[in-house]
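Since the structure comes first, as structure tokens, the remarks are kept for the end.
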Amino acid sequence: MSIKQIATVAGIALALCTPVQLSAHHAFGAEFDPNRPLILRGPVTKVEWVNPHAWIHLEITKEDGTKESWMVEGGTPNTLLRRGINKNSLKPGTFIVVDGYQSKDRSNRANGRDITFADGRKLFMGSSGTGAPEDGRDPN
Amino acid sequence: MTDSIWHLPVSGTMNGLKTALFVGLWVLLLPFTVQAGKDNVPDLSGNYNVATLTPLERPKMFGDNLYLTKEAAEKIASDKADAIEASSQVSDPNREAPPDGGDGSRGAAGNVGGYNSFWIDNGDDAFEIDGRFRTSIIYDPADGRRQRTEEAAKVRIKLFAQFAKPNKGEAWWLKTGDRGPYDDPELRPLAERCLLGFGSTAGPPMLPVLYNNLKRIVQTPDHIMILNEMVHDARIVRLNSEHLPDDVRKWMGDSIGHWDGDTLVVDTTNFKVTSSFGGAGKDLHVVERFTRKDDKTIIYNFTVEDPAVWEKPWSGEYPWPRTDDTVFEYACHEGNYALGNILRGARLLEAETESVSSE
């Protein structure tokens, strides 16, 4: 295999698994407004562990001190369920940070482009043995 | 199993009664135990996880080469693991909102991005059959790629142009004079309406997708049921039957099957014209062959033809490895807020565009 082929194979692999410039059930571009970027910080209030996509609710505190409820869209819960993670794995009160774009209908909904804990760790990700998704490198 | 029943030691009336009840129960259950013994056909029942990184069509760089080297296959698996590791890294906790005007993401992520990779489950590596890794699921034609007819290619380009509009948060369709893609919920893709999974996951042909790649097969002497986790699509195959009349059309077509030796052959026609599969039309015809390779694997083989869409029939195959994982319910309508969000969003953008142009 030539260097060019190896590079292309790497490119294929990368294209297949780059996180995740795809949302599959529906086009996120149809639902969310690129002119309304936002960053949300606050405690989780509820998790809707539903298909086709899960929704995580949180409460943010605005600059004037008032509270506002938001919900952010993730992927299918089935994938996480299969890895032993369920709606109770993310407790209400857990402080999260979400960046995304607001729904075109201007409701308090956004895509969960990157959902993390307050310290930036990915939700449902972590070191092996924590119930986090397998990454192919976990010890058996 | 049967030997152990028939040779139970029996002594006394109670034991005889117990044995009679036991045997009676066994006889009652017999019809449900799949007639693997009676008809000498393999039992395909079970759960399968069909996720693979191998694409349907072969990347052009491989030409007519169906096989990946072991090193290339290992690199694909290693790159996947690297990508997952990279996507698991800590984000800046003090990060700001993403760029105004969009993040430049393409495809379905439409300039706003998708979601974290921990929601994704599309396999860890390329698949292999008989110890050799494949460059594509399609093996015929020799280049592993479907060749569309000229007319079908034009239709596809037009369709693509419509969906490939950059998402600028504007009601661009008002300027075209054509019917807008959000005018009616029935104009939205079947997956968005929770009618069928995207990417031909339910098929036929049944192809691997980004997540929810589990299948459950339930086999009886007269029927085979194949449940797809994605969008809860259940295919029911009638064995040794005839196709329904031509005017009866179904989302996943009308499937009949028979055993050809140890291979289950399923023939499907009578698709709805709006079938989600690759722009195929009403004459789409799919023949699938399920062959148990060993007690842990089915080889799933298929041939697709529709002369109006493809120059010639094309065939593919990939393994379905058995899994102990559970197939979960996928009640798609349960939380499908997206469709409402999309349609409400379109109405709002239209109102804004109209109010600006009337000023």
When B:Tyr182, B:Tyr115 are arranged by how many other beta-carbons sit within 10 Å of their Cβ, fewest first, they go B:Tyr182, B:Tyr115
With r as the distance between the Cβ atoms of B:Gln147 and B:Lys296 and R0 = 30 Å, compute the FRET efficiency 1/(1 + (r/R0)^6) and round to 0.05. 0.30
For every other residue with a beta carbon closer than 11 angstrom to the beta carbon of B:Gly335, add +1 if it is Lys or Arg and -1 if Asp or Glu, then tell me the sum. -3
How far apart, in nm, are the 7 Å Cα→Cβ label points at B:Val90 and B:Glu334? 3.5
Chain B: mean projected area of Cα convex hull, nm²: 26.2
Stokes-Einstein D (µm²/s) once Rh is taken as the Kirkwood radius of region B:195-261 over alpha-carbon pairs, at 20 °C in 1.002 mPa s: 168
Test of understanding: what is the full-extension gain from B:Ile129 to B:Lys158, defined as 0.36 nm times their sequence separation minus their Cα-Cα distance? 6.7 nm
Suppose a student asked you for the relative contact order of region B:158-251, using Cα pairs under 8 Å spaced at least 6 residues apart; what percent would you report? 16
Got a sec? How would A:Lys104, B:Lys168 order by Cβ neighbour count within 10 Å, fewest to most? B:Lys168, A:Lys104
What list do you get for B:Met230, A:Met71, B:Met206, B:Met225 if you sort them by fewest beta carbons within 10 Å? B:Met225, A:Met71, B:Met206, B:Met230
Hull-based mean projected area of region B:224-267, where the convex hull spans the alpha carbons, in square nanometres: 3.5
Volume per residue (Å³) of the convex hull spanned by the alpha carbons of region B:211-312 is 123
In a Gaussian network model of chain B with springs linking alpha carbons closer than 10 Å, the residue among B:Asp254, B:Asp267, B:Asp43 that fluctuates most is B:Asp43
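Laboratory data are not the source of any read-out in this text; all were calculated from the coordinates shown. Everything numeric in this text was worked out from a predicted model, so none of it was measured. Don't worry about glycine lacking a Cβ; one is built from the backbone with ideal geometry, like all the others, and counts go over all protein chains shown.
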